[in-house]
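I have placed the structure first, in the form of structure tokens, so that the comments after it can refer back to it.
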Amino acid sequence: MRGEVDEINTRKLMNLWIAEGFVPMRGEVTPEEAAEDCLEELIQRSLIHVGKRRLNGGVKSCYIHEQVRSFIISEARNSKFFERLSSSHLRSLICFSTECLAQKSLDSLIQGSKLLTVLDLEGLCGINELPRKIGRLIHLKYLSLRRSSITRLPKSIGKLANLQTLDLRNGYIDRIPHPVWKIRQLRQLYTGMVLNASMGVGQLTNLQTLDTREASGCSKGVDLRKLTQLRKLKIHFSTNFNLELMPFSYHSYLYKMFLIGSLNKLPKETKFYPPNLMELRLSDSALEADPMPILQELPNLRNLQLLSSSYKGTNMACSSNRFLRLESLTLSGLGKLEELKLEEGAIPGLMSLEIIKCPQVRVLLHGLLHLKNLGQVKLRRINPQLLEDFESSEGEQFDRIRFITSII
């Protein structure tokens, strides 16, 4: 039972809620959307507290107050909840220690826990493989092997017909058995291996989230266009990649993309982008041309993050009456950037601006004066000249910008 000392990632928490059946469904709302509503309601009631927030303002981690935690444990003890528990009645197993289970214990547990819906072995050490009998856990909906020492998945994992979340990130597994691609209920897939043409990822038509470290094979046969239910996509490219080979115009639900790795260029036509894209993060893209003239045409973009060498040029310019819905802009690790030019009327709804580790940026301040909705400016490791401009400029408008700016 986690307390306020130990925060939990909200995405993981919501996936656990869904697997446990704690999220009430209504109408056409997806389980993920319903879980977000539940989280927000619990925060509003102060039953859950916000730990960290994402750059877009969303809740990244949360915790419960120590008094609430103590009350829950007390109620569980009074009802003899812990005393009644046996492996045959076990519904969830979540490891909070790297040594919470040995191989024999895991074998025995899977053998006797046929009602298990959650098996979270994140960070577990000392176990190299899952028992073959895991295929008998027909009720299992959530399986996490993230950062564990497990190196191999048995083919019997394909029998987990109700599996919704599979998390293999930051571990040692380098191959996914083919039967996995036939698990039609899979909604969240987090994997750290290369996708290629021989894999059947295109069969996972209910997939909501795809997070993979590399995707060098996408241009060689993996057709993501079939995954029309995708909401979130994160891909780490191992080589130069041409986005025009993988258009996303069919992904009307895809609202969040994180692309890591070198891109040949950004497609100029908006038809190559998801029509309802709201959040875009680019990292290590090594773009030579200013991306703003292209990205400012995306009609629903609200959060843009250009990170770690995503752009190699010296100037960025945002045109008037563009980025009409953008609310948050983050520029980080752009070592050559010198100027961010904002024409009057550009990004009228911008509320948050972060510039981090961009030591060459000298021209910025005057472009912020017309941003009436701007409520937060964060500057980290900036050029001394830019700092001097912020401190020395006079006038009521400059005072307003200084009031909402934090500089470290």
Considering only the other residues whose Cβ falls under 11 Å of the Cβ of residue 167, what net charge follows from Lys and Arg at +1 and Asp and Glu at -1?
-> +2
Whenever you get a sec, compute what percent of the accessible area on segment 112-254 sits on carbon and sulfur atoms (1.4 Å probe).
-> 44
In a Gaussian network model of the chain with springs linking alpha carbons closer than 10 Å, the residue among 171, 135, 395 that fluctuates most is 395
Of 234/268; 12/60; 141/256; 232/312, which sit over 18 Å apart, Cα to Cα?
-> 234/268; 141/256; 232/312
Qualifying GluC sites (Glu not before Pro) for segment 246-299 [loop in DSSP, other Cβ within 10 Å: at most 12] = 269, 288
Towards the positive end of the charge dipole of the chain, with charges on Cβ (+1 Lys, Arg; -1 Asp, Glu), say which of 117, 335, 250 has the farthest Cα.
-> 117
Counting only DSSP beta bridges fully inside the chain, the antiparallel percentage to nearest 5 is 10
What residue among 88, 310, 262 has the largest mean-square fluctuation in a Gaussian network model of the chain, using Cα springs under 10 Å?
-> 88
Pick out, in residue order, every one of the GluC sites (Glu not before Pro) in segment 69-148 that is DSSP loop and has at most 13 other C-beta atoms within 10 Å; say none if there are none.
-> 99
Working with all protein chains in place, sort 355, 8 by solvent-accessible area computed with a 1.4 Å probe, largest first.
-> 8, 355
Specify the inter-centroid distance of segment 225-289 and segment 37-77, based on alpha-carbon positions, in whole Å.
-> 33
Cα centre as origin, Lys/Arg/Asp/Glu Cβ charges: the chain dipole, Debye = 1780
Could you state the accessible area per residue of the chain in Å², with a 1.4 Å probe and every protein chain left in place?
-> 49
Neighbourhood charge, 10 Å Cβ-Cβ cut-off, centred on residue 124 and excluding it, Lys, Arg +1 and Asp, Glu -1 | -1
Can you give the net charge of the other residues whose Cβ lies under 9 Å from the Cβ of residue 334, counting K and R as +1 and D and E as -1?
-> +3
Among 361, 237, 285, whose Cα lies farthest out toward the positive end of the dipole of the chain, if unit charges sit on the beta carbon of Lys, Arg (+1) and Asp, Glu (-1)?
-> 237
State, as an integer percentage, the relative contact order of the chain based on alpha-carbon contacts under 8 Å between residues 6 or more apart.
-> 6
Under a 10 Å cutoff between Cα atoms, tell me which one of 34, 286, 19 has the largest fluctuation in the Gaussian network model of the chain.
-> 34
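The values are calculated or read from the model by the stated rules, or taken from the named source; none is laboratory data. Computed from a prediction, not measured in an experiment: that's the story for all the values here. Because the Cβ atoms are built from the backbone with ideal geometry, glycine has one as well, and the counts that use them run over all protein chains shown. The area values use the complete protein model at the heavy-atom level, side chains included, leaving out ligands, DNA and RNA. Shrake-Rupley method; radii C 1.70, N 1.55, O 1.52, S 1.80 Å.
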